[in-house]
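For reference, the structure is listed below as structure tokens.
The values are calculated or read from the model by the stated rules, or taken from the named source; none is laboratory data. Values in this document were obtained by computation on a predicted structure and should not be read as measured data. FYI the Cβ positions are ideal-geometry reconstructions off the backbone, even for glycines, and counts take in every protein chain you see. Keep in mind that these areas ignore ligands, DNA and RNA; they rest on the heavy atoms of the full protein, side chains included. Shrake-Rupley method; radii C 1.70, N 1.55, O 1.52, S 1.80 Å.
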Amino acid sequence: MRDSKLHGILKQTFGHSDFRFDQLDIINTVLDGKDALAIMPTGGGKSICYQLPALFSNGITLVVSPLISLMNDQVVSLSEYGVSACFLNSMQDIHQRQHAEDSILNGDVKLVYVSPEGLLSGYLLNFFRELDIALIAIDEAHCVSQWGHEFRKDYTRLGGLKDVFPDTPLLALTATADTKTRADIVSQLSLDSPNIFVSSFDRPNIKYSIYERGNEIIQLHDFIEKHHKNDTGIVYCLSRKKVEKVTSDLEKFGHKTVSYHAGLPKDVRQQAQDAFNRDDNIIVVATIAFGMGIDRPDVRFVAHMDLPKSIESYYQETGRAGRDGRPSNAWMIYGLQDVIKLTRMLETTDASEAYKKVARHKLNAMLSLCETTLCRRQYLLSYFEEESAEECANCDTCMEPGETWDASVDAQKILSTIFRTGQIFGAGHIVNVLRGSKNAKILERGHEKLSVYGLGKDKSTNHWNIVLRQLLNMQYITITNWDYGNLALTEKSREILKNEKVFTMRKFLEPATGRAKIKARVITSTHGRDALFEELRDLRFSIASEKNVPSFVIFSDKSLHDMCHLMPKNREQFLLVNGVGESKCENYSEDFLKVIEDYV
Ligand code: ADP
Ligand code: ZN
């Protein structure tokens, strides 16, 4: 009975025909008055889990959300669905604030967004204590945990909520997986024997690809030209300097680009964030400072120009693509320098040895994702302790299966060179010796007299770097001095030197020459390039501009594609489009139906 009512609201208000993942169970849990922890991948649809109960129950639903800047969009987006909500935060002036408080007291709103520090100020706590609070939802709940990667001190005080509202169910929501963080959320928030829901971490619409770094800007430009002309995307770089460089290079190629990093003045960052939220085809080049607060569902690609420090970071960053479920790309290039840079950063911090050990382990796992000859998705899911029986057919290793080759002889050449030069040099010098360079360092040391000198002349520096890195990642070589990246042999090296073991490697595509030929499942459908889609997109843009809201608040790309597919002729048919509830149908069906009719 209740379920069918909930389905009714889902369709009428939000325009979705079915619940996804554990949405329905989560909603039922909180409606039964129980606490819950919901772990769902980004884009999984966490918001529905508290928005729908808010419409179903009598009291007010409080939503704790870490980013003040997003609250307005969330409220506007809800009002497009015909749901009345408001927010209370420190950015409001006294009149706005008074207005919001009045509408809460008058019972005009179902949902109230608050920041964690706001909610815990004595004033608001007393204000809400007098009201009927049906549910408290805590978004981005991993911020409460020191184990998580985005710990926020103000979140820890949320532990006091249970004391103040002992009868109100708490719903904690996050996209962070690991079990430690999970347990920490439960204890920090004092959740009362919560039901825990963990949805699959698979993001089937994201295609993962990882390539060797060659000329990185050309590689990035080619990728964007080929798959993402006029799309919105994020390009992550490790340093601020590189952000600026990549931005200016992309601009030279004519891409609409903005920079974002913590070194920029606040207003410049805000402008970048605004441009990202409003513009239809914009590329943000950023450090990981650009992260929280990305609510946009139609980010079509996330490109990594440098290796992230862990699979958790990689998955979170790539997860910002394709939250609307449409085909999207997670594309990355990496090289030997990344490993050295990240390792140096790690080894020179003051962190405890225990921490460093974990961090080294995480970096290694990240590297083996790059080096794997297996399906990237299988690798990723198994990292999150999820089995997947089949190869995904939507990652580079599945679509462009890497050949392997016997690299034993080349590996032996590298190991011998490291050994004969005394195990005190970095990769650059080793490769120079192998390739018979005549630079000063070699001549000073007399390394041109070694038997290994010039033994690798026939192959490129890039080739040797790749083999060397694989040896490093598979622990056939170790780094002994992090400042200089000095290399030495390990226990395992002997297996290769003595021919006890064949060293097979993934065949890498030399990026500058033969680039990957993408086979059958090219992501053409990423862009609805057909004329009708473009017209609908234009209409959406003009409505959004008029209302001064982001386009996706009006309709998602998914809804527009659905319109192209269904070609609705009247309001009844228009209501069948994904994401069209009664309110949006009322407001927009006429304009959109007109465009469709003219097109026909
Ligand atoms: P997140 O889990 O990242 O907070 P959101 O709540 O923002 O995700 O939802 C992501 C997208 O999925 C939105 O565009 C939303 O409209 C859509 N969505 C949510 N639930 C459903 C559903 N049951 N069916 C179809 N689309 C849904
Ligand atoms: Zn795959």
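Here are some notes:
- Among 44, 393, 174 the positive-end extreme of the charge dipole of the chain (Cβ point charges): 393
- Computed from the C-beta positions of residue 449 and residue 372, the FRET efficiency with R₀ = 41 Å rounds to 0.55.
- The alpha carbons of segment 2-198 occupy a box of 44, 39, 29 Å along the principal axes, longest dimension given first.
- Assuming charge only on the beta carbon of Lys and Arg (+1) and of Asp and Glu (-1), the dipole of segment 530-599 about its Cα centre is about 200 debye to the nearest 20.
- For segment 207-214, 3J(HN,Hα) computed residue by residue from phi via the Karplus equation (6.51, -1.76, 1.60; θ = phi - 60°) reads 8, 9, 9, 9, 10, 5, 7, x Hz, glycine and proline entered as x.
- Lys, Arg +1 and Asp, Glu -1 on Cβ, resulting dipole of the chain about Cα centre, debye, nearest 20: 2740 debye
- Using equal-weight Cα scatterers in the Debye expression, the normalised intensity of segment 530-599 in log10 at q = 0.20, 0.23 Å⁻¹ is -0.73, -1.00.
- Accessible area of segment 233-341 belonging to carbon and sulfur atoms, whole % at 1.4 Å probe: 52 percent
- Centre-to-centre, using Cα atoms only, segment 536-597 and segment 223-248 are separated by 30 Å.
- Under 14 Å of direct C-alpha separation, and excluding same-chain neighbours fewer than eight residues apart, residue 438 reaches these aspartates and glutamates: 448.
- 0 to 90° range, to nearest 10: angle between helix 179-188 axis and the chain longest Cα axis: 40 degrees
- The mean accessible area for residues of segment 2-198, using a 1.4 Å probe and ignoring ligands and nucleic acids, is 41 Å² per residue.
- Residue 99 sits with roughly 130 Å² accessible to a 1.4 Å probe, with DNA, RNA and ligands left out of the calculation.
- Of the listed residues 595, 600, 112, the order by accessible area with a 1.4 Å probe, largest first, is 600, 595, 112.
- Relative contact order of segment 349-429, defined on C-alpha pairs under 8 angstrom at six or more residues apart (%): 18 percent
- Proximal lysines to residue 357, defined as alpha-carbon separation beneath 23 angstrom and excluding residues fewer than eight positions away on the same chain: 180, 309, 341, 492
- Where 295, 25 fall by accessible area, highest first, once all protein chains stay in place (1.4 Å): 25, 295
- Largest-first ordering by accessible area, 1.4 Å probe, given options 484, 588: 484, 588
- In this view, the solvent-accessible surface of residue 345, computed with a 1.4 Å probe and all protein chains in place, comes to about 100 Å².
- Counting every C-alpha pair in the chain, the share spaced more than 31 angstrom apart comes to 56%.
- Only Lys, Arg, Asp and Glu carry charge here, each on its Cβ (+1 for the first two, -1 for the last two); on that basis segment 206-399 has a dipole of about 500 debye about its Cα centre.
- Qualifying lysines (Cα of each under 16 Å from Cα of residue 441; at least 8 residues distant if same chain): 449
- In segment 206-399, a dipole from Cβ-located charges (positive for Lys and Arg, negative for Asp and Glu) runs towards its positive end, and of 253, 370, 263 it is 263 whose Cα lies farthest in that direction.
- Rounded accessible area of residue 253 (nearest 10 Å², 1.4 Å probe): 90 Å²
- C-alpha long axis of helix 216-227 to longest principal axis of the chain, angle in °: 50 degrees
- Across segment 206-399, the mean sequence separation of Cα contacts (distance under 8 Å, 6 or more residues apart), normalised by length, yields a relative contact order of 26 percent.
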